[in-house]
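The values are calculated or read from the model by the stated rules, or taken from the named source; none is laboratory data. Predicted model, so just to flag it, every value in this text is computed and none were measured. Quick reminder, even Gly has a Cβ in these numbers, built from the backbone with ideal geometry, and neighbours come from all protein chains shown. For the accessible areas, the whole protein counts, side chains as well, though only heavy atoms, and no ligand, DNA or RNA atoms are used. Shrake-Rupley method; radii C 1.70, N 1.55, O 1.52, S 1.80 Å.
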Amino acid sequence: MEVKELQKISNEIIEEIDKKINVNHDNDKTIIHLLEELGEVARQANNKNIRNIEQNKDNLSEELADVLMLTTRLASINNIDIEEAIFKNIEKLKQRHNIK
């Protein structure tokens, strides 16, 4: 799947869910939701260190997917082509760190 397609599908599914539950993932709500999901990623990624329990890779996978979907939603709200932004950033990082 191309990143543009992921952004489109993520945006559509979030909008459909929002309609069903009568919510609107506007800029503020999306940022808050994204921070919540990042916290869940951090908790799952640090389970071994903090709680001395094994990491649940299935849950970590779901939480990372939520973060990616909400990130693409935030980009859509702000009229940003996230695929283009990623490639531009990759090139910038390559130049900054002298990577070919």
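Some values worked out for this structure:
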| quantity | calculated |
| --- | --- |
| Magnitude of the charge dipole, the chain, Cβ model with Lys/Arg +1 and Asp/Glu -1, debye to 20 | 560 |
| Under 24 Å from the Cα of Lys20 - lysines, other chains or at least 8 residues apart | Lys8, Lys29 |
| The chain, accessible surface, carbon-and-sulfur percent (1.4 angstrom probe) | 55 |
| Global form of segment 40-100, assessed from the alpha-carbon gyration tensor, a/c cut-off 1.5 | oblate |
| Most mobile listed residue (Ile13, Ile53, Ile80) in the chain, GNM with C-alpha springs under 10 Å | Ile53 |
| For Gln55, residues with placed amide H under 5 Å, excluding near neighbours | Lys48 |
| Segment 1-89 shape via C-alpha gyration tensor axes, a/c threshold 1.5 | prolate |
